Amino acid sequence: MQTVTVTIGKRAQIVIPKKAREAIGIKVGSKATIVYQNGLGVILGDPRQAGQLLEGLGKEIWKGNGDKHLKKERASWDRD
């Protein structure tokens, strides 16, 4: 992981250096997401790309049985 220091401008704006923009995958006019909690903030590139990065996360836990488990779980729901 790399870090870069930025300065907060008068209007609470920051300039993200080119190297960081390219690494995050954001361009002028594109959307980004900031995730923050307890004094820590993380800038994620295009939310659609961020979702794609998370897709399949933890699949090794289910060992290909995720759909089977999901069907079993849904079948157990009380459907009144």
> Count of lysine pairs in the chain with Cα atoms under 30 Å apart, counting only pairs 8 or more residues apart in sequence or on different chains?
Replying inline: 14
> So what's the Cα pair-distance distribution over the chain, bin width 5 Å, in %?
Replying inline: 3, 10, 15, 18, 13, 9, 9, 8, 6, 5, 3, 0
> What are the ³J(HN,Hα) values, in whole Hz, obtained from phi via the Karplus relation 6.51 cos²θ - 1.76 cosθ + 1.60 with θ = phi - 60°, for each residue of region 30-39 in sequence order, with x given for Gly and Pro?
Replying inline: 7, 8, 9, 10, 10, 9, 9, 6, 6, x
> With each label point set 7 Å from Cα along the Cα-Cβ vector, what nm distance links THR7 and LEU70?
Replying inline: 4.9 nm
>> For the chain, take the longest principal axis of its alpha carbons; what is the angle in degrees between that and the long axis of helix 66-75, to the nearest 10 within 0 to 90?
In response: 60 degrees
> Which listed residue (GLN13, LEU70, GLY39) has the Cα farthest towards the positive end of the charge dipole for the chain, taking +1 on Lys and Arg C-beta and -1 on Asp and Glu C-beta about the Cα centre?
Replying inline: GLN13
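A short reminder: the numbers here are calculations on the coordinates, not readings from a lab. Treat the numbers as computed from the prediction; the structure is a model and nothing was measured. A quick note on method: Cβ atoms are made from the backbone with ideal geometry, for glycine too, and the neighbour counts reach across all protein chains shown.
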